[in-house]
Amino acid sequence: MFRPTLFIKPISIVFFLGILHFIVVFIFILPKVEESVYNIEKKNAIAIMDKISSVSHNIYQDINYFKKTALDIHKENLKDRKKELSNALYKIIAQTKIAQTGYIYVFNSKGDLLYHPDNALKNINLNNIENQHFTLLYKDLLKAYNNSKELHYLWDKADDKENYIYEKVSWIEYVPELDWYIVSSVYQSELQKSSIEIKDFLVHTALFVFVIFIFIISIIFGRLDKYLKEKASEIKILKERMETALNANKDAVWEFNVQNWNDGYLSTRWFEILGYDKNEVHLNAFEHWKERVHPEDFDEVMEEARKNHEKETDFYESIHRVRHKDGHWIWMHSRGNTTFDKDGKATRFIGTFTDVTEKKELEDELKVYKKIVDSTKSHMSYIDTNYVYKVVNPMYLIAHNKTTKEIVGHTVLELFGEDIFKNLLKENLDICFSGKEVHYSAWFEMKVGKVYMDVSYIPHKNSKGKVLGAVISSNNITKLQTTEEALKKLANIDPLTKLYNRRYLFDMAKNIISLAKREQTKVSMLMIDIDKFKKINDTYGHAIGDEVIKDLASFLLKQTRASDIVARIGGEEFVVLLPNTSKDSADKFADTLRAFVEKKEVSINENKSISFTISIGVSELDIENEKQIEEALARADKALYMAKKSGRNRVC
């Protein structure tokens with residue numbers, strides 16, 4: 001039998017719960033729903049902007065560090081690197097949504113709109129645009145950032161462009177390192193929509209029985225749980241994206257609770273750097289981390305952290321050693337910053353790790369190389385493909401009597417002048433910039449005087465084979481060159497008369513014969529001998545004989561052309577090689593010489609002079625059939641013999 005009274009108490013309970021539910025819903029819950037949804041969206045937007053700001057700060061510190069420490073042959077990659085990381089941030093921003101249609105945009109302090117999801121608004125200046133609403137919005141955003149970092153205002157919609165009647169709210173953050181104002185913007189109606197949906201559900205549940213009431217409550221909590229999970233998932237995705245961007249830079253991310261160091265987070269990259277599996281050891285524990293830091297570096301690391309926690313420094317930075325799993329030490333570059341609560345108390349310590357072991361080792365090697373280069377006697381320099389000096393060593397400065405500032409940053413043209421640059425240096429540098437080594441020797445005018453330099457150009461290439469510049473090494477070999485030239489001169493010059501000797505005569509004759517054959521000209525030869533020279537030596541001595549020989553040598557040099565070769569081939573015998581001269585012309589010239597000598601006198605002391613004569617044999621070279629002068633020389637010698645036999649002082 002049905003007994004309604006059995007249900008009175010449960011119904012009363014349900015009714016009481018229903019009334020209680022209405023009271024709770026209308027008095028306590030409904031007024032708070034809209035505010036709760038609003039705060040959740042606000043916290044979500046601010047959290048996203050804070051993460052973007054933190055990543056931007058760390059990226060800026062990373063780039064700033066490499067700007068300060070990297071060599072000039074690696075600095076040209078920094079701009080590309082910054083651009084890649086900025087684009088990664090833009091991608092994160094572009095994929096971030098607030099509520100249904102809310103979005104994030106970025107502008108700088110000049111009003112330049114750096115990023116906006118509406119492509120039509122990109123690259124405009126908010127302060128100068130004709131639309132007055134944008135100008136007012138720009139000014140209100142700056143004012144709001146300096147106050148509550150929150151701005152409520154009226155705006156238009158995509159389907160209602162001309163009416164600025166829709167309520168919007170924006171939250172603003174500023175990244176000083178990049179001069180970025182990051183703004184999260186959303187329509188209030190979208191925030192209200194979620195709260196209205198929740199209110200409707202709550203009101204309708206008051207009409208149902210306890211079971212339905214509980215069911216609706218579970219639905220509401222289910223929706224809230226789903227909403228929170230979605231937001232948590234969005235934050236997780238954003239975190240993964242930021243880690244991806246940082247991992248692309250081969251950085252590890254870390255975060256610690258300043259009040260409890262065992263409460264912390266280390267990214268996967270950290271474990272990879274140290275050679276650990278993520279589950280192998282509890283690396284979040286401060287004591288374990290402490291054991292891995294080099295004992296000589298630990299105090300300095302903690303001191304730098306303390307300074308940042310107590311706001312003595314704007315950011316934390318430390319380069320220290322950390323023990324790898326296999327026991328060796330690696331160099332770690334750590335950068336980060338501290339977050340504070342509203343009372344100014346340090347709460348979280350967030351930053352990145354970068355493995356700079358190879359860089360540190362390279363720096364140490366470079367210091368050794370620099371010491372070697374600075375101590376070498378060679379003149380060393382590095383010139384880029386624009387002919388601009390980038391590096392010079394002390395010997396280079398000494399050679400040019402200039403300071404580093406007077407050379408580095410200046411061009412080769414400025415240092416050497418237009419003539420040397422165009423006629424010698426540019427051509428060789430261009431060959432080097434094409435990828436080939438260049439070696440040459442030449443005379444240079446420098447502050448210390450004229451020097452003979454042995455020069456080498458070695459192309460400097462990047463990993464892709466592109467030539468970035470030239471490493472130049474030059475050595476002053478003036479003494480060596482002078483000695484070599486002196487020895488060469490001694491080998492070709494007769495020491496008594498300073499005329500060419502027999503060896504040089506034969507060497508030059510080959511060139512003269514070759515030229516005459518090409519140009520179809522004649523070549524003749526005079527073989528000259530001093531008559532009765534033995535009698536001069538016997539009568540006046542060998543010293544006077546030498547003076548006679550030198551006097552004749554000087555006379556022959558004065559009477560011959562620059563193209564003629566005058567040589568002493570032995571004792572009192574001389575040869576004159578006459579290019580572009582026929583036998584008849586040679587005979588006439590020989591007789592002129594003989595006549596002049598016959599009238600000459602050589603002073604042997606203040607009161608005494610002597611005279612002498614010469615005999616000359618003349619021959620013409622057979623250019624077509626004779627490659628050497630031996631046969632012509634033999635004919636001239638035979639003619640000289642005939643001149644001697646005919647009574648001397650003759651030309652035959």
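Tell me the net charge near THR313. Cut-off is 10 Å between Cβ atoms, THR313 excluded, with +1 for each Lys or Arg and -1 for each Asp or Glu.
On the way: positive: ARG306, LYS307, LYS311; negative: GLU304, GLU310, GLU312, ASP314, GLU317.
Result for the neighbourhood of THR313: -2.
Using the alpha carbon gyration tensor of the stretch 551-620, what are the three equivalent-ellipsoid semi-axes (square root of 5 times each eigenvalue), largest first, in whole Å?
Values: eigenvalues 119, 32, 23 Å².
Equivalent ellipsoid semi-axes, largest first: 24, 13, 11 Å.
Going down the list LYS97/LYS168; LYS97/LYS122; LYS517/LYS550, which pairs span over 22 Å between their C-alpha atoms? It would help to have the intermediate numbers written out before the result.
Numbers: LYS97/LYS168 15 Å; LYS97/LYS122 18 Å; LYS517/LYS550 34 Å.
Result: LYS517/LYS550 exceed 22 Å.
What spacing in nm lies between the two simple spin-label points modelled at ASP584 and ASP160, each 7 Å away from Cα in the Cβ direction?
In this crude label model, ASP584 to ASP160 measures out at 12.0 nm.
Out of every Cα-Cα pair in the stretch 254-401, what percent are more than 27 Å apart? Don't skip to the answer; put the middle values down first.
Values: 4569 of 10878 pairs.
The calculated P(r) of the stretch 254-401 puts 42 percent of pairs beyond 27 Å.
Pull out the extension gain between ARG502 and GLU626, defined as 0.36 nm times the separation in residues minus the alpha carbon to alpha carbon distance; nm, one decimal. Mind showing how you got there, number by number?
Working: separation 124, 0.36 × 124 = 44.64 nm, distance 1.82 nm.
Result for the pair: 42.8 nm of gain on full extension.
Can you tell me the FRET efficiency between ASP364 and LYS122 if r is taken as the Cβ-Cβ distance and R0 is 60 Å, rounded to the nearest 0.05? Walk me through the numbers before you get to the answer.
Working: r = 47 Å, r/R0 = 0.78.
The computed FRET efficiency comes out at 0.80.
Write down the Kirkwood hydrodynamic radius of the stretch 370-464, to one decimal in angstroms, obtained as one divided by the mean of 1/r over all alpha carbon pairs.
Values: mean 1/r = 0.0715 Å⁻¹.
Result for the stretch 370-464, one decimal place: 14.0 Å.
Which length gain, in nm to one decimal place, applies between THR313 and ASN147 when the Cα-Cα distance is subtracted from 0.36 nm times their residue separation? Let's see the in-between values first.
Values: separation 166, 0.36 × 166 = 59.76 nm, distance 2.49 nm.
57.3 nm is the gain from fully extending THR313 to ASN147.
At 7 Å along the Cα-to-beta-carbon direction for both SER603 and HIS542, put a label point, then send me their distance in nm to one decimal.
Modelled inter-label distance: 2.6 nm.
State the Kirkwood hydrodynamic radius of the stretch 521-652 in Å, one decimal place, computed from all pairs of distinct Cα atoms. Don't skip to the answer; put the middle values down first.
Numbers: mean 1/r = 0.0662 Å⁻¹.
It is 15.1 Å.
How do PHE340, PHE433, PHE612 rank by accessible surface area computed with a 1.4 Å probe, from largest to smallest?
On the way: PHE340 70, PHE433 35, PHE612 10 Å².
Sorted by accessible area, descending: PHE340, PHE433, PHE612.
Using the Kirkwood radius over Cα pairs, work out the Stokes-Einstein diffusion coefficient for the stretch 286-335 at 25 °C and 0.890 mPa s, in µm²/s as a whole number.
Working: Rh = 11.4 Å.
In µm²/s, the coefficient is 215.
The values are calculated or read from the model by the stated rules, or taken from the named source; none is laboratory data. These figures come from a predicted structure and were not determined experimentally. Cβ: placed from backbone, ideal geometry, glycine included. Neighbour counts: every protein chain shown. These accessible areas exclude ligands, DNA and RNA; they are computed on the full protein's heavy atoms, side chains included. Shrake-Rupley method; radii C 1.70, N 1.55, O 1.52, S 1.80 Å.
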